[in-house]
Every structure is written in C-alpha cells, then in structure tokens.
Amino acid sequence: MVRKYFPNAKIVADRFHVIRWINHQFLKTWADLDPVARKTRGLLSSMRMHEWNLSEKQQERLKEYFEQFPALKSIYDFKTGLVELLLIKHRNRQQAMRLVPQLLWHIEECRKSPLIQFQQLARTLKRWLEPIARMWRFTKNNGITEGLHNKMEMISRRAFGFRNFENYRLRVIALCGWDGLFNRI
C-alpha cells in the first residue's frame, strides 16, 4: 500500500532510537571495563547525559574518574562526537553529503575496535546507513504517535484491560482530548 500511494517515500531513522542505541552500547562497554563504577548512581547518570548538559559538579566528577581510567575517556569522547554528529538537523542535500564521510569514519573506527559492543554498533550503523543519513535532511519523527500510544497503554493497564472496545475508545477520547479527531474515525 505504501509503495502504491507513496512511491517516493524513504525510510528515515528515528534520531532518538539511534542515539539511544549508541548510549546503550557505550554503557555495556563501560560495564565490561569497570563493572563496579557502573553501579555508582551519580557516575551512571553523568555518563548517560550529553556532555554539554552536565553541571560543573558532574563535569568535575567525570574528569576525576577519567584520570583513573583514561581509556574510558577516549571511548566517552568518541561516543560524544558521534552523538553530536547525529544530532545535526536541517541540512540540505549537499550539506548532508558532506557529513557522510564523518559518519563512515565513526563506523570504521567502531568496526576496527577490539570492543565487541562497538563492533556490533558498527554493523548496525552500516546496515542503517542511508536511513541514518536521511535524519540530517528530514526532521519529522513519530514522537506524537509514540506519546499517544504510551498514554493509551497506561489507560489500558490502569483498567486491567477493557472487555468492551467502545468503553476503551471513550476513555481514550476523554483522557487524550482528541475528541474531534476520533469522531471522524
């Protein structure tokens, strides 16, 4: 149906999920390299955050930690550079094409890495290369749909399920406030 009615449609990766996957692989690598520190709550939250969102206290804590583990500092910097690259938005075709070699460099560095999680990350990024590169040009995402779906799931869980679809439908309409939209369906 999509090919019939939208023949020029292209798959665009969801930026949130790509960056989440990168962070997931980074945190797994960190857990392998230093399983004790991985369980330190304050350090964990600092490692999860983007470098530019860290408070001065968190930056200082990370700096002290990286002095003890310089290898982790280079891995963290690599991850931060890749995330910064993927967060670029609103580029035309030529500008996006200039970013591709940087992405390919990051993928190749991951592939050459002795760390298994980074090798796996390289395979995933390579497989999704075109949809990921399209993120720089096309910034629409499915956040609204996911938010609505999450709210509907919460309604269903609170009610321990609905036996009557019409009751569920009415509850969604009442709690999501999209009365005009649902009446047309």
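The values are calculated or read from the model by the stated rules, or taken from the named source; none is laboratory data. Computed from a predicted structure; not experimentally measured. Note that we place each Cβ from the backbone using ideal geometry, even for glycine, and neighbour counts take in every protein chain shown.
Within the range 138-149, is even one residue farther than 16 Å from R15 by Cβ and either touching a helix residue (DSSP H, G or I) at 6+ places or on another chain (Cβ under 7 Å) or in the same structural domain as V12 (by TED's automatic domain parsing) (or both)? Spell out how you get there, then give the answer.
Of all residues in the range 138-149, those farther than 16 Å from R15 by Cβ come to 148-149.
Retained after the next criterion (residues that are either touching a helix residue (DSSP H, G or I) at 6+ places or on another chain (Cβ under 7 Å) or in the same structural domain as V12 (by TED's automatic domain parsing) (or both)): 148.
Scanning the range 138-149, I find at least one residue that is farther than 16 Å from R15 by Cβ and either touching a helix residue (DSSP H, G or I) at 6+ places or on another chain (Cβ under 7 Å) or in the same structural domain as V12 (by TED's automatic domain parsing) (or both), so the answer is yes.
Scan the range 109-130 and tell me whether some residue there is more than 30 Å from A31 (Cβ to Cβ) and either touching a helix residue (DSSP H, G or I) at 6+ places or on another chain (Cβ under 8 Å) or at pLDDT 90 or above (or both).
First, the residues of the range 109-130 that are more than 30 Å from A31 (Cβ to Cβ): 130.
From what is left, the residues that are either touching a helix residue (DSSP H, G or I) at 6+ places or on another chain (Cβ under 8 Å) or at pLDDT 90 or above (or both) are 130.
So far as the range 109-130 goes, yes, one or more of its residues are more than 30 Å from A31 (Cβ to Cβ) and either touching a helix residue (DSSP H, G or I) at 6+ places or on another chain (Cβ under 8 Å) or at pLDDT 90 or above (or both).
Would you check which residues across the range 15-43 are loosely packed, with under 15 Cβ neighbours inside 10 Å and either over 21 Å from A133 (Cα atoms) or touching a residue at least 60 places away in the same chain (Cβ under 8 Å) (or both) and list them? So that I can check it myself, show each step before the final result.
Looking only at the range 15-43, we keep the residues that are loosely packed, with under 15 Cβ neighbours inside 10 Å, and these are 16-17, 20, 24, 32-33, 35-36, 39-42.
Within the range 15-43, F16, D32, L33, P35, V36, K39, T40, R41, G42 meet the criteria.
Each row is one residue, and each column tells you yes or no for (1) touching a strand residue (DSSP E or B) at 6+ places or on another chain (Cβ under 7 Å); (2) without any contact (Cβ under 8 Å) to a residue 12 or more places away in the chain; (3) among the acidic types (D, E); (4) outside the structural domain of T29 (by TED's automatic domain parsing).
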position: L62; (1), (2), (3), (4): no, no, no, no
position: F66; (1), (2), (3), (4): no, yes, no, no
position: L72; (1), (2), (3), (4): no, no, no, no
position: I88; (1), (2), (3), (4): no, no, no, no
position: A96; (1), (2), (3), (4): no, no, no, no
position: P101; (1), (2), (3), (4): no, yes, no, no
position: E108; (1), (2), (3), (4): no, no, yes, no
position: S113; (1), (2), (3), (4): no, yes, no, no
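So if I check each of L125, L82, which one is in contact with a His (Cβ under 7 Å, 6 or more places away or on another chain), of a type outside the set (S, T, N, Q), under 29 Å from D34 (Cα atoms) and assigned to a helix (DSSP H, G or I)? Reasoning before the result, please.
Numbers: L125 fails: in contact with a His (Cβ under 7 Å, 6 or more places away or on another chain).
Only one candidate qualifies: L82.
Being farther than 24 Å from A31 by Cα and either surrounded by 12 or more Cβ atoms within 10 Å (Cβ to Cβ) or in contact with an Asp or Glu (Cβ under 7 Å, 6 or more places away or on another chain) (or both) is the requirement here; does L54 meet it?
no
Out of the residues in the range 159-169 that are assigned to a helix (DSSP H, G or I) and out of contact with any helix residue (DSSP H, G or I) (no Cβ under 9 Å at 6 or more places or on another chain), which is surrounded by the most Cβ atoms within 10 Å (Cβ to Cβ)?
Across the range 159-169, the extreme among qualifying residues is N167.
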